[in-house]
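Notes follow the structure.
What follows draws every value from the coordinates through simple rules; no lab data is involved. Just so it is clear, the model here is predicted, and its values are computed rather than measured. Neighbour counts run over all protein chains shown; Cβ positions are idealised from the backbone, glycine included.
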Amino acid sequence: MMSRSRRHSQRHRTVLTSTIQTIGIANGGGDCPGLNAVIRGAVHAAILEHGWRVIGITNGYDGLIWPERTVPLTMDAVADILSRGGTILGTTNRGNPFHYEVEEDGKTVTRDYSLTCCDNMRKLGLDALVVIGGDGTLAIARDLGRLCLPIVGVPKTIDNDISATEVTFGFDSALHVATDAIDRLHTTAESHGRVMVIEVMGRDAGWIALHSGIAGGVDVILIPEIPFTIETVCKKIREQELEGKKFFLVVVAEGVKLPALDPAGKPFPAPRPGQVGILIGDAIHALLKKDVRVTVLGHIQRGGSPSPFDRILATRFGVKAVELIARGNFGHMVCLRAGEIESVPLDGVVGKTRLVDPMGGIVRTARAVGITFGDQA
Ligand code: F6P
């Protein structure tokens, strides 16, 4: 019996307009809810609209270094993945082909496999490659694109910090998880009259903390973009206590910059992700002598099913990536602007982080409803 993908591609072959026959799809960096939805969207559009063959590159760029690690992406291969978290291609945040770390004679050495990737792309018959990734993965995509193969990029990160797009898929799903966690902490904080500190992801930018903090109605939001002091945070808590409030919620982005000294006048240690919330919780306890509990949400924010918003955005990004290839619009990244899916040159995107504007509307909204950022403003 003829497979679904062959039936579809034969039906549509008559309307082929481009010289493209085969495309690859790769994803790199940390996973993110919606990756599978991008893959499915791109595969469907490539097969149904253009009759192209699609090859999946597994584990970041590893599938380009070892082509036996590629998989055919047919309609059947992407059936039922729209709502699934993670990525069917596997991923890694190591494995830059330009600086690939390998073990040789008991030592770690760096090798340049970029030309191997180019050779293998030719051997695989790839006419173009869709790369889904964050800043690091997209920078490699741009460089590989310059070296050998037409590439289009799709921005990905729960942190929502890629420039040129108003939002990345994955952010909304992570926001739902963080907000749900804050809601749950709210009720137990209230029962015990405690200070609850919750550390959320956001290595360089505070988008998840800012949005979940507003959505969860917290008292304090600490983000990398706004320097804070423990004293200001505690002053705010004391003031509210005098007004009769008995419990407090503090949301902290993992990338927040700690003040130089802790309340005892000792330097704060340089924290790893997952530790900053604990250090801040200890410091609040040291000053207020209140019961403080700390929750580190960690990778729970990255796992699980994408939200409907992310499924739709990811599907639109995947379809647009195929459209860019069909139009020969290479070296571009898809993006969301004023509700429309557009594209921008990758060159203008990589190396730029989209940070929260401390004077922007969303921060002002938070301040207007009484949230403090621990600063003097
Ligand atoms: O960049 C997205 C992100 O989720 C960051 O918020 C976080 O610091 C990082 O990935 C964690 O990466 P890993 O999975 O390597 O621990």
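Structure summary
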{"item": "Neighbourhood charge, 13 Å Cβ-Cβ cut-off, centred on V197 and excluding it, Lys, Arg +1 and Asp, Glu -1", "result": "-2"}
{"item": "DSSP beta bridges in the chain [antiparallel fraction, %, rounded to 5]", "result": "35"}
{"item": "Lysines whose Cα lies under 18 Å from that of K235, excluding same-chain neighbours fewer than 8 positions away", "result": "K245, K246, K289, K290"}
{"item": "Share, in percent, of DSSP beta bridges within the range 73-226 that are antiparallel, nearest 5", "result": "45"}
{"item": "Residues of type aspartates and glutamates that K236 reaches as a straight line, Cα spacing below 13 Å, ignoring anything fewer than 8 places off in the same chain", "result": "D219, D375"}
{"item": "Eligible lysines near K156 by straight Cα distance, threshold 22 Å, same-chain separation 8 or greater", "result": "K320, K352"}
{"item": "Cβ-based net charge around A314, under 11 Å, with every Lys or Arg adding one and every Asp or Glu removing one", "result": "+3"}
{"item": "Local electrostatic count at L115 - Lys and Arg +1, Asp and Glu -1, tallied over other residues with Cβ under 13 Å", "result": "+1"}
{"item": "At R0 = 35 Å, FRET efficiency that the Cβ-Cβ distance of L261 and T353 yields, to 0.05", "result": "0.80"}
{"item": "Highest-first arrangement of 92-103, 307-318, where packing means the average Cβ count within 10 Å", "result": "307-318, 92-103"}
{"item": "Extension gain (nm, one decimal) between H192 and K123, 0.36 nm per residue minus Cα-Cα", "result": "18.4 nm"}
{"item": "Gap separating the Cα centres of the range 188-204 and the range 234-291, nearest whole Å", "result": "11"}
{"item": "Segments 120-126, 202-208 sorted - mean Cβ within 10 Å per residue, highest first", "result": "202-208, 120-126"}
{"item": "Neighbour-count ranking [beta-carbon atoms within 10 angstrom, fewest first] of C148, C234", "result": "C148, C234"}
{"item": "Helical contribution to [θ] at 222 nm, DSSP H n ≥ 4, -39,500 (n - 2.57), averaged over the chain, rounded to 500", "result": "-11000 deg cm²/dmol"}
{"item": "Unpaired by the 4.7 Å Cβ criterion, cysteines found in the chain", "result": "C32, C117, C234, C335"}
{"item": "Ranked by how many other beta carbons lie within 10 Å on average, peptides 351-363, 134-146 from highest", "result": "134-146, 351-363"}
{"item": "Fraction in percent of alpha-carbon pairs per bin - 5 Å, the range 201-275", "result": "3, 16, 22, 24, 19, 11, 4, 0"}
{"item": "Cα centre as origin, Lys/Arg/Asp/Glu Cβ charges: the chain dipole, Debye", "result": "720"}
{"item": "Kirkwood hydrodynamic radius over Cα pairs of the chain, then Stokes diffusion coefficient at 20 °C and 1.002 mPa s, in µm²/s", "result": "97"}
{"item": "Förster radius 56 Å - calculated FRET efficiency between D105 and D180, Cβ distance, rounded to 0.05", "result": "0.65"}
{"item": "Full-extension gain in nm, V369 to A270, via 0.36 nm per residue minus C-alpha separation", "result": "32.4 nm"}
